[in-house]
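The structure appears below as structure tokens.
The values are calculated or read from the model by the stated rules, or taken from the named source; none is laboratory data. Remember, predicted model here, so these are calculated numbers, not experimental data. Backbone-built Cβ (ideal geometry, glycine too); neighbour counts: all protein chains shown. Just so you know, the surface numbers come from the protein's heavy atoms only, side chains and all, with ligands and any DNA or RNA stripped out. Shrake-Rupley method; radii C 1.70, N 1.55, O 1.52, S 1.80 Å.
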Amino acid sequence: MREEELKKIKQKALDEHIPIIMDDTLEVIEKYLTNLQPKRILEIGTAVGYSAMCFSTFLAENGVIDTIERDEERVKEAKNNIKKVGVENKINIFEGDAVEILPTLKDKYDVVFIDAAKGKYPFFLKESLRLIQTKGVIFADNILYKGYVMSDYNKHKQRTAVTNLRKYIKEISENPNLETEILEVGDGLAISKLKV
Ligand code: SAH
Ligand code: MG
């Protein structure tokens, strides 16, 4: 892993306003990954590969990350970045809409990181629950969406996103198989551990 390259990629993404994972959110997830030593991670929303590359250092030996991205330009950039950093043997990018790709996946994952279209979070949860390993952990980024989710904010532009993020929170909170916490790090992070 070439740390210097990764730093440059992070700075470029920040300069271009690509919504990469925030430092405090990353710190929390990295603590979990240190303990879990996952063999397989699924990420929904690659962008330019930053979070996937950060996670890759925490994989067990021969572990892999499968990550899904629908934006063609970002897929190209992510592939370049992953080569530059030297982790191409650990990260597979699936190009396309996660809504179509997820139902085609069959092998289980130790960790899922949801970080894509907010309006699709309930669907991503359903697929994550199907794909998660016993005792696995599902993380969902941007779950508090700038505070809109916990306020009575009701502007039409973000309404679908907010409604679906609330639905996601309700479902993870009520699911008896999950132990869930929601942290106010970054843009909000939901952590759901499978009890069995
Ligand atoms: N995880 C990245 C940031 C992801 S930003 C990091 O922290 O470095 C969210 C990305 O999800 C965007 O690049 C967007 O194009 C992608 N995306 C949004 N909805 C998607 C969908 N339905 N299928 C696949 N990719 C999606
Ligand atoms: Mg995010």
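Is it true that some residue in the stretch 146-156 is outside any loop (DSSP other than H, G, I, E, B) and acidic (Asp, Glu)? Within the stretch 146-156, not a single residue is outside any loop (DSSP other than H, G, I, E, B) and acidic (Asp, Glu). Against the test of being polar (S, T, N, Q), over 20 Å from Lys195 (Cβ atoms) and away from ligand 2 (no atom under 16 Å from the Cβ), the options Asn175, Asn92, Asn142 yield a single qualifying residue, Asn92. Inclusion of Val28 among residues that are under 21 Å from Leu125 (Cα atoms), open to solvent by 20 Å² or more (accessible area, probe 1.4 Å) and away from ligand 2 (no atom under 16 Å from the Cβ) is not warranted. Every test in (1) closer than 26 Å to Thr134 by Cα; (2) in contact with a helix residue (DSSP H, G or I) (Cβ under 9 Å, 6 or more places away or on another chain); (3) away from ligand 2 (no atom under 16 Å from the Cβ) is passed by Glu3 save one, and that test is (1). Considering the conditions (1) within 15 Å of ligand 2 (Cβ to nearest atom); (2) assigned to a helix (DSSP H, G or I); (3) touching a residue at least 40 places away in the same chain (Cβ under 8 Å); (4) surrounded by 15 or more Cβ atoms within 10 Å (Cβ to Cβ), Ala13 is excluded by exactly one of them, (3).
Looking across Ser56, Ser51, one residue alone is buried (at least 17 other Cβ atoms within 10 Å of the Cβ), among the hydroxyl-bearing types (Ser, Thr, Tyr) and away from ligand 2 (no atom under 13 Å from the Cβ). It is Ser56. Number of residues in the stretch 177-194 that are in contact with a Lys or Arg (Cβ under 8 Å, 6 or more places away or on another chain) and open to solvent by 90 Å² or more (accessible area, probe 1.4 Å): the value is 1. In the stretch 70-81, the residues that are modelled with pLDDT of 95 or more reach residues that are assigned to a helix (DSSP H, G or I) with C-beta atoms within less than 8 angstrom, at least six apart or across chains, in these pairs: Arg70/Ala98; Ala78/Ala52; Asn81/Glu5; Asn81/Ile9; Asn81/Tyr50; Asn81/Met53. Evaluate the following for Lys118: is it touching a Leu at 6+ places or on another chain (Cβ under 8 Å), near ligand 1 (Cβ under 9 Å from one of its atoms) and closer than 26 Å to Ile169 by Cα? The answer is yes for Lys118.
To keep it simple, each residue is scored yes or no on (1) in contact with a Gly (Cβ under 8 Å, 6 or more places away or on another chain); (2) buried (at least 16 other Cβ atoms within 10 Å of the Cβ); (3) within 22 Å of Asp71 (Cβ to Cβ).
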{"site": "Val99", "(1), (2), (3)": "no, yes, yes"}
{"site": "Pro103", "(1), (2), (3)": "no, no, yes"}
{"site": "Asp107", "(1), (2), (3)": "no, no, no"}
{"site": "Val112", "(1), (2), (3)": "yes, yes, yes"}
{"site": "Leu129", "(1), (2), (3)": "no, yes, no"}
{"site": "Gly147", "(1), (2), (3)": "no, no, no"}
{"site": "His156", "(1), (2), (3)": "no, no, no"}
{"site": "Thr160", "(1), (2), (3)": "yes, no, yes"}
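Name the single residue that is nearest to ligand 2 (Cβ to nearest atom) among those in the stretch 105-121 being in a strand (DSSP E or B) and of a type in the set (Phe, Trp, Tyr). This residue is Phe113.
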